[in-house]
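Heads up: the structure comes next, in structure tokens.
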Amino acid sequence: MIHSEKFKKAIHQFDEANRKDPNTESYQGKNYPKELLYAYRMTDRLEAFEPDAEEVLRLAVRCQHLQRWEIPRDDYEMNRVGYLKWRNDLKSFHAEKASEILREVSYDDALIKQVQFLLLKKQLKKNKMTQSLEDVICLVFLEYYFEKFSDKYQEEKLIDIIQKTWKKMSEKGQKAALELPLSDASLQLISKALS
């Protein structure tokens, strides 16, 4: 585990920024700012998935959705093109916001560039840390958010979402996904999507 003062300050600043999220989510009887809860879940999942992760990956995982509410999905066309534009704009936004905080707590440019590289999802499937970040994102999605999607979409769409998620993951990530504490309904859908 990283315990440097810089690291602690950066995590604290990321969390303070996400604490301002006006959206809340209830979990285990407690209300949280939505993106703060997401950041906690990301860190917990990284700890389980890759306990020896480097500092740069730990930082990227914690700020992956930094201040996400500031760029609402509703501001974009509600189609595939709008969705992809929103996702790309978010990546740049998170990378910029994270850089500001990392500079503030005196990280050097080399590390800041590495965090940006990860948040921009560069070299997915080629770069080990980018892949680990993507695996953690997919695992957190499947464990905590997929069930909510199940209420909104038809089975065909859910199967498509699972298949796209699966393609983004490494073999290690896929194996970890099958060990998540998922509902029977989600496991059945995953099984159907992968068959």
Subset of region 1-16, residues touching a residue at least 12 places away in the same chain (Cβ under 8 Å) and either of a type in the set (S, T, N, Q) or part of a helix (DSSP H, G or I) (or both), comes to S4, K6, F7, K9, A10, I11, Q13, F14, D15
For H94, indicate whether it is assigned to a helix (DSSP H, G or I) and under 18 Å from the mean Cα position of the chain (by Cα). yes
Picking from A110, A53, A95, the residue that is closer than 29 Å to S170 by Cβ, free of Cβ contacts under 8 Å to residues at least 40 places away in the same chain, buried (at least 16 other Cβ atoms within 10 Å of the Cβ) and not β-branched (V, I, T) would be A95
Subset of region 48-79, residues under 23 Å from A110 (Cα atoms), more than 16 Å from the chain's Cα centre (by Cα) and outside any loop (DSSP other than H, G, I, E, B), comes to E55
- Assess whether E155 counts as being out of contact with any Ser or Thr (no Cβ under 9 Å at 6 or more places or on another chain), touching a residue at least 12 places away in the same chain (Cβ under 8 Å) and in the same structural domain as L90 (by TED's automatic domain parsing). no
Only one of L133, L120 is closer than 23 Å to K6 by Cβ and buried (at least 20 other Cβ atoms within 10 Å of the Cβ), namely L133
Of those in region 17-47 that are touching a residue at least 24 places away in the same chain (Cβ under 8 Å) and hydrophobic (A, V, I, L, M, F, W, C), the residue farthest from E104 (Cα to Cα) is L46
Query - Test for Q64: is it on the phi > 0 side of the Ramachandran plot and either touching a strand residue (DSSP E or B) at 6+ places or on another chain (Cβ under 9 Å) or of a type in the set (S, T, N, Q) (or both) - result: no
Filtering region 106-136 down to residues that are of a type in the set (S, T, Y) and assigned by TED's automatic domain parsing to the domain that holds T165 yields T130, S132
Among residues of region 7-41 being closer than 17 Å to V140 by Cβ and in contact with a Leu (Cβ under 7 Å, 6 or more places away or on another chain), the residue surrounded by the fewest Cβ atoms within 10 Å (Cβ to Cβ) is Y27
Looking across region 162-191 at residues that are more than 17 Å from the chain's Cα centre (by Cα) and crowded, with 17+ Cβ neighbours inside 10 Å, the single one that is nearest to N127 (Cα to Cα) is I190
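The values are calculated or read from the model by the stated rules, or taken from the named source; none is laboratory data. As the structure is a prediction and not an experimental result, all values here were calculated from the model. Every residue, glycine as well, gets a Cβ built from its backbone with ideal geometry; the counts of neighbours run over all protein chains shown.
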